[in-house]
Amino acid sequence: MTRSPSGNDRVTQVAIAAKAVVAQRYGRLPKRTYAAGISNGGYLVRWQLENRAWLYDGGIDWEGTLWRVKGDNLVNYLPPALRAYPAGDTQGMYDAGFARGSEFLWPFHYQYYWGP
């Protein structure tokens, strides 16, 4: 069975293809290559810069999701928060990893990120 290309693979392919198109159209490779992304796009940029640095001169990871095998990440802290927040369980939010003093942000994040 063949593995489907990941998002990381696709971004690598796009960067290589874009450089080839620039070379074909303008007769030379681009002087510089940058990548930028928000949220999961930020994660993809960070991964590219960490694993395919030879392709880029720089990049911007704007609020990129942090996917780690060990330690805190979206998958292990968000489900407890989604159980605690709507129920008004402030201690549950702290237990999920949210800092004291961040309470004023919870309604916004629930409305725009966690709820959807």
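The values are calculated or read from the model by the stated rules, or taken from the named source; none is laboratory data. Just so it is clear, the model here is predicted, and its values are computed rather than measured. Cβ placement follows ideal geometry from the backbone for every residue including glycine, while neighbour counts extend to all protein chains displayed. We work out accessible area using only protein heavy atoms, side chains counted, and drop any ligands, DNA or RNA first. Shrake-Rupley method; radii C 1.70, N 1.55, O 1.52, S 1.80 Å.
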Say whether the condition of being touching a Ser or Thr at 6+ places or on another chain (Cβ under 9 Å), within 30 Å of Phe98 (Cα to Cα) and either open to solvent by 100 Å² or more (accessible area, probe 1.4 Å) or of a type in the set (Val, Ile, Thr) (or both) is met by at least one residue in the range 46-63. yes
All positions within the range 81-106 that are in a loop (DSSP other than H, G, I, E, B), at pLDDT 90 or above and either in contact with a Lys or Arg (Cβ under 7 Å, 6 or more places away or on another chain) or of a type in the set (A, V, I, L, M, F, W, C) (or both): Ala99
Got at least one residue in the range 58-70 being within 30 Å of Asp95 (Cβ to Cβ), of a type in the set (Lys, Arg) and modelled with pLDDT under 85? yes
Picking from Gln13, Gln91, the residue that is under 27 Å from Tyr110 (Cβ atoms) and surrounded by fewer than 12 Cβ atoms within 10 Å (Cβ to Cβ) would be Gln91
Options Tyr110, Tyr94, Tyr77: the member that is under 16 Å from the mean Cα position of the chain (by Cα), over 18 Å from Ser6 (Cα atoms) and free of Cβ contacts under 8 Å to residues at least 40 places away in the same chain: Tyr77
Restricting attention to the range 31-44, does a residue exist that is at pLDDT 90 or above, of a type in the set (S, T, N, Q) and part of a helix (DSSP H, G or I)? no
